[in-house]
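Trainee: To start, I am sharing the structure in question, which I have written as structure tokens.
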Amino acid sequence: HTWTVRAEPAVPGLGFSLLLGAYVPWKAEKGHGLELAVQAPAEAKVGLPVEVAVQAASPAGMALELRYALPSGVQVDTPSLARLVAEHKVSSYEVEDGAVTLPLPPRGAGEPFQASFRVVPTLAGRLQGGASSLFPAGRPELASYVPPSLWTVR
């Protein structure tokens, strides 16, 4: 789609906004033995850190990548991610605008992944990010997704 905003006659300093609404029905699919559960905070306050909990299960010996999608205006507390690396729960971490990716080392049989990290909301309102995913390292086409979480930030 292409949108164009134009003022005729031209007006210097004119401000505008665009609101686009779309709906794509969620299709829950499971496969490849991967399961992901995420728990966003029930309520958060601007500027105060909150915990985000993640749980993952997979076949034994499989290296994974967990991509947690964040709403706009939510920043990751990198010391909490560094703590996960120091505890050998994750191999490393990559923070980008709107998401954090955690490479998970292979686990033993029946050994689920459980961790939490801190984030800091910088915007108030009802916020929603994208879907979070779990996939074998280097194979994003085999991802298992969970629906986006709704955040209430005051």
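The values are calculated or read from the model by the stated rules, or taken from the named source; none is laboratory data. Every value quoted in this text rests on a predicted model; they were computed, and no experiment measured them. Here Cβ is always computed from backbone atoms with ideal geometry, including for glycine, and neighbour counts include all displayed protein chains. For the accessible areas, the whole protein counts, side chains as well, though only heavy atoms, and no ligand, DNA or RNA atoms are used. Shrake-Rupley method; radii C 1.70, N 1.55, O 1.52, S 1.80 Å.
Trainee: Say we look at segment 96-111 and pick out the residues that are over 10 Å from the mean Cα position of the chain (by Cα), surrounded by 12 or more Cβ atoms within 10 Å (Cβ to Cβ) and of a type in the set (A, V, I, L, M); which of these is farthest from LEU70 (Cα to Cα)?
Mentor: LEU104
Trainee: Moving on to the next point. Would you check which residues across segment 118-154 are basic (Lys, Arg), in a loop (DSSP other than H, G, I, E, B) and over 11 Å from LEU64 (Cα atoms) and list them?
Mentor: Passing the criteria: only ARG154.
Trainee: Then there is this: Tally up the residues in segment 108-132 that are aliphatic (A, V, I, L, M) and without any contact (Cβ under 8 Å) to a residue 60 or more places away in the chain, please.
Mentor: Residues flagged as aliphatic (A, V, I, L, M) and without any contact (Cβ under 8 Å) to a residue 60 or more places away in the chain within segment 108-132 amount to 2.
Trainee: Right, something else. Assess whether ALA86 counts as being farther than 17 Å from PRO136 by Cβ, more than 19 Å from the chain's Cα centre (by Cα) and surrounded by fewer than 12 Cβ atoms within 10 Å (Cβ to Cβ).
Mentor: Criteria met by ALA86.
Trainee: Out of the residues in segment 57-70 that are out of contact with any Asp or Glu (no Cβ under 7 Å at 6 or more places or on another chain), not basic (Lys, Arg) and not in a loop (DSSP other than H, G, I, E, B), which is farthest from THR122 (Cα to Cα)?
Mentor: Residue satisfying both the conditions and the ranking: LEU64.
Trainee: I would also like to ask the following. If we keep just the residues of segment 112-154 that are of a type in the set (Val, Ile, Thr) and out of contact with any Ser or Thr (no Cβ under 6 Å at 6 or more places or on another chain), which is most open to solvent (accessible area, probe 1.4 Å)?
Mentor: THR122
Trainee: Oh, and also: Which ones in segment 32-54 are in a strand (DSSP E or B) and either modelled with pLDDT under 95 or crowded, with 16+ Cβ neighbours inside 10 Å (or both)?
Mentor: Initial filter on segment 32-54 (in a strand (DSSP E or B)): 34-39, 44, 50-54.
LEU34, GLU35, LEU36, ALA37, VAL38, GLN39, ALA44, VAL50, VAL52, VAL54 - these are the residues of segment 32-54 that are in a strand (DSSP E or B) and either modelled with pLDDT under 95 or crowded, with 16+ Cβ neighbours inside 10 Å (or both).
Trainee: If the Cβ limit is 9 Å and pairs must be 6+ apart or interchain, which residue in segment 61-88 that is on the phi > 0 side of the Ramachandran plot pairs with which residue that is open to solvent by 50 Å² or more (accessible area, probe 1.4 Å) and in a loop (DSSP other than H, G, I, E, B)?
Mentor: Taking only residues 6 or more apart or on different chains, the pairs are GLY61/PRO106; GLY61/ALA109; GLY73/VAL46; GLY73/THR122; GLY73/LEU123; GLY73/ALA124.
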